[in-house]
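The values are calculated or read from the model by the stated rules, or taken from the named source; none is laboratory data. What you are looking at is a predicted structure, and each value in this text was computed from that prediction instead of being measured. For neighbour counting, all protein chains shown are included, and Cβ atoms are generated from backbone atoms with ideal geometry for every residue, glycine included. Surface accessibility is based on the protein's heavy atoms, side chains included, excluding ligands, DNA and RNA. Shrake-Rupley method; radii C 1.70, N 1.55, O 1.52, S 1.80 Å.
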Amino acid sequence: MARAGRSLGPTPGAVLGAVAGLGTIGLAAWWFTAPATVHAVGVVLGLLAVLVSVVTMRNPLTTWQRPVALLGAVLGTVGTLVLLWAVASALGAPLPDLTGTGTVPAIAP
């Protein structure tokens, strides 16, 4: 039986994962420079980066795309973890202040 949808190819998947990972790590870095606001959409972007990158790396047709997808997975994972920490802090979880400023972040869309 044929699959109903069109799958994402190795090159677009690797590039999408890497770009989403870069966006996620960028939002995480932004939180460190401006800790009063955390962008929760970065968590979704990071999860997308990890998902697309892992699916691309598991594709048997990938060759040179595998390192690019791995970069997206690593950046997406690190950025997501930092942003999850920031979101938890904004929601009132008793976590140590990673930024060292004593600022309690607010969640931005």
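Data table
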{"read-out": "All positions within the range 56-77 that are open to solvent by 30 Å² or more (accessible area, probe 1.4 Å) and in contact with a helix residue (DSSP H, G or I) (Cβ under 6 Å, 6 or more places away or on another chain)", "value": "Met57, Asn59, Leu61, Arg66, Val68, Leu71, Leu75, Thr77"}
{"read-out": "Pair list, Cβ under 9 Å, 6 or more apart: the range 11-23 residue within 9 Å of Val52 (Cβ to Cβ), other residue of a type in the set (D, E, K, R)", "value": "Ala14/Arg66"}
{"read-out": "Every pair of residues 6+ apart whose Cβ atoms lie under 7 Å, when the first sits in the range 31-45 and is on the phi < 0 side of the Ramachandran plot while the second is part of a helix (DSSP H, G or I) and aromatic (Phe, Trp, Tyr)", "value": "Val38/Trp31"}
